[in-house]
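Shown next, in structure tokens, is the structure this report addresses.
The values are calculated or read from the model by the stated rules, or taken from the named source; none is laboratory data. On a predicted model such as this, the values are computed, not experimentally measured, just so you know. Because the Cβ atoms are built from the backbone with ideal geometry, glycine has one as well, and the counts that use them run over all protein chains shown.
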Amino acid sequence: MSSKPIFLATHPRACSTAFERVFMTRRDILECAHEPFGDAFYYGPERLSTRYDDEVSRIKSGFSKTTYRDVLNRLERDGDHGKRVFIKDMAYYLMAPDGKPTTVASSLSNDQANSNTTNGVEKIITNGHTKGVGTTEPGNPTVLPLDVMKKYHFAFLIRHPRRGIPSFYRCTIPPLDDVTGFKNFMSNEAGYLELRVLFDYLREQGVVGPRMAEGAEMPAVNGHANGTNGYTNGHTNGHTNGEVNGHANGQTNGHVNGHSKQDQITVTVLDADDLLDHPQEIVQAFCKETGIPFTPDMLNWDNPDDQQYVEEAFSKWIGFHNDAIKSKNLSPRTHAHKVATEEAEDQEWIEKYGEEGQKVIRECVNENIAHYEYLKQFAIKV
């Protein structure tokens, strides 16, 4: 069973922070890192986002000098205390927006030759902030070298864009935008496409799979992100249909990238609606796949110590996590989510956000349904 640091990759408003709270109750064995790569993505000298183009905002954040190398160093320190690191983060923090070419971050370009490994995480040797253009790894759609990503146990959390996108939009308009600091809605932060591209790349490289998590089935698809809004073949750079050196999904004779079947990290995808309807079953399934000992009290955190710990951990993204901060447990919702008609949804969004808001939300939802449904095929079923 894997003992690697866990990397839960997701997109905004996927109930991921509520899920993260479950594992923050296990401070005896886990060290949780809450969205660490956003610091470099939004604020640092290697930033990929244009949201904070003004230097004053970046300096005020405290992360204006944070590189991707710095983030990895921080995660390494998190693992120095003998606990397993649990990272929850957005896949889009690892890629240039809008399908633009992404290279390995310049601060990480030479790490393969200047690194060692401690606690299962790539130990980065820091020699100040490296500036300039990063190197390119064939097929790699992210700023992280493949050797670094191989150090993590990846899993994935998704939510239907008909619920995720309106929730995100609400955080970018008055009155909540004064709290979150996100003053406008940017559709390239929806995150579904980037999550799909990352998912496919990790499968192709044998970082996850080919075995499926228990309770999930291998869908009757080729598993490759073809035609994904500007990402050519999922950034495979010449690997037709995502094949790696001629071996589909990087698998050769029952071995994936040198790992035996027993050592393989399963394809573990969770859907937020399943989590909200069946929290204990989904959490148990996730724990089984990632090697975390499950106890029922992980679903309850109604005590002062947990509350103070969470408020400090979530202070970076004020306004986005209010519901998760105020929660006391993760229990099944009393009423299953009702699937509304498109007309009813549009009317609801007009009433809440106006006609212009409805149009923006609908366009973004429609752009991302295919990516969600693709990933949904791999989800654990309970």
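Figure legend. Inter-residue proximity from segment 340-354: first residues at pLDDT below 95, second residues exposed (fewer than 15 other Cβ atoms within 10 Å of the Cβ), beta-carbon distance below 9 Å, spacing 6+ or different chains. Indicated pairs: ALA340/GLU348.
Just one of GLU373, GLU312 is at pLDDT below 95, in a helix (DSSP H, G or I) and either under 24 Å from the mean Cα position of the chain (by Cα) or hydrophobic (A, V, I, L, M, F, W, C) (or both); which is it?
Values: GLU373 fails: at pLDDT below 95.
That would be GLU312, the only listed residue that is at pLDDT below 95, in a helix (DSSP H, G or I) and either under 24 Å from the mean Cα position of the chain (by Cα) or hydrophobic (A, V, I, L, M, F, W, C) (or both).
Residues are listed down the side, and each one gets a yes or a no for (1) out of contact with any His (no Cβ under 7 Å at 6 or more places or on another chain); (2) hydroxyl-bearing (Ser, Thr, Tyr); (3) modelled with pLDDT of 95 or more; (4) in a helix (DSSP H, G or I):
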residue	(1), (2), (3), (4)
LEU270	yes, no, yes, no
GLN284	yes, no, yes, yes
MET298	yes, no, yes, yes
ASP302	yes, no, no, no
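If the condition is being touching a helix residue (DSSP H, G or I) at 6+ places or on another chain (Cβ under 6 Å), of a type outside the set (D, E, K, R) and more than 25 Å from THR268 (Cα to Cα), then segment 326-382 contributes TRP349, ILE350, GLN358, ILE361, CYS364. LEU75 passes every criterion in (1) crowded, with 18+ Cβ neighbours inside 10 Å; (2) in a loop (DSSP other than H, G, I, E, B); (3) in contact (Cβ under 8 Å) with a residue 24 or more places away in the chain apart from (2). Condition check for ARG26 on (1) closer than 22 Å to ASN73 by Cα; (2) surrounded by fewer than 23 Cβ atoms within 10 Å (Cβ to Cβ); (3) modelled with pLDDT of 95 or more; (4) over 11 Å from the mean Cα position of the chain (by Cα): one failure, at (1). The set of residues from segment 264-322 being more than 25 Å from TYR372 (Cα to Cα), buried (at least 18 other Cβ atoms within 10 Å of the Cβ) and among the β-branched types (Val, Ile, Thr) comprises ILE292, VAL310.
Going residue by residue through segment 40-47, is there one that turns out to be surrounded by 19 or more Cβ atoms within 10 Å (Cβ to Cβ), in contact with a Cys (Cβ under 7 Å, 6 or more places away or on another chain) and either among the charged types (D, E, K, R) or touching a residue at least 24 places away in the same chain (Cβ under 8 Å) (or both)? Steps first, answer last, please.
Start the filter on segment 40-47 by keeping residues that are surrounded by 19 or more Cβ atoms within 10 Å (Cβ to Cβ), which leaves 40-44, 46-47.
Checking the rest, the ones that are also in contact with a Cys (Cβ under 7 Å, 6 or more places away or on another chain) come to none.
No, segment 40-47 has no match at all.
So, ALA313, is that one in contact with a strand residue (DSSP E or B) (Cβ under 9 Å, 6 or more places away or on another chain), in contact (Cβ under 8 Å) with a residue 12 or more places away in the chain and among the aliphatic types (A, V, I, L, M) or not? Answer is yes for this residue.
Quickly run through segment 78-103 and pick out the residues that are assigned to a helix (DSSP H, G or I), farther than 17 Å from THR290 by Cα and not aliphatic (A, V, I, L, M).
ASP78, ASP80, HIS81, TYR92, TYR93, PRO97, ASP98, GLY99 - these are the residues of segment 78-103 that are assigned to a helix (DSSP H, G or I), farther than 17 Å from THR290 by Cα and not aliphatic (A, V, I, L, M).
Checking the stated criteria, ILE325 turns out to be aliphatic (A, V, I, L, M), in contact (Cβ under 8 Å) with a residue 12 or more places away in the chain and not in a loop (DSSP other than H, G, I, E, B). Among residues of segment 129-148 being more than 16 Å from LEU48 (Cβ to Cβ) and touching a His at 6+ places or on another chain (Cβ under 8 Å), the one that is modelled with the highest pLDDT is GLY139.
Answer yes or no: is there a residue in segment 341-354 that is part of a loop (DSSP other than H, G, I, E, B), surrounded by 15 or more Cβ atoms within 10 Å (Cβ to Cβ) and of a type in the set (S, T, N, Q).
Looking only at segment 341-354, we keep the residues that are part of a loop (DSSP other than H, G, I, E, B), and these are 341.
Next, only the ones that are surrounded by 15 or more Cβ atoms within 10 Å (Cβ to Cβ) stay: none.
No, there is no match, as no residue in segment 341-354 is part of a loop (DSSP other than H, G, I, E, B), surrounded by 15 or more Cβ atoms within 10 Å (Cβ to Cβ) and of a type in the set (S, T, N, Q).
Of all residue pairs spaced 6 or more apart or on separate chains, those with beta-carbon atoms under 8 Å, a first member in segment 202-228 that is at pLDDT 90 or above and a second member that is buried (at least 20 other Cβ atoms within 10 Å of the Cβ) and acidic (Asp, Glu) are ALA213/GLU289; GLU214/GLU289.
When you look at VAL197, is it closer than 18 Å to LEU144 by Cβ, part of a loop (DSSP other than H, G, I, E, B) and modelled with pLDDT of 95 or more, yes or no? Against the criterion (closer than 18 Å to LEU144 by Cβ, part of a loop (DSSP other than H, G, I, E, B) and modelled with pLDDT of 95 or more), VAL197 does not qualify. Listed conditions (1) within 17 Å of the chain's Cα centre (by Cα); (2) surrounded by 24 or more Cβ atoms within 10 Å (Cβ to Cβ) are all met by HIS160, apart from (2). Out of ARG51, ARG13, one residue alone is of a type outside the set (A, V, I, L, M, F, W, C), within 28 Å of ILE361 (Cα to Cα), under 14 Å from the mean Cα position of the chain (by Cα) and part of a loop (DSSP other than H, G, I, E, B). It is ARG13.
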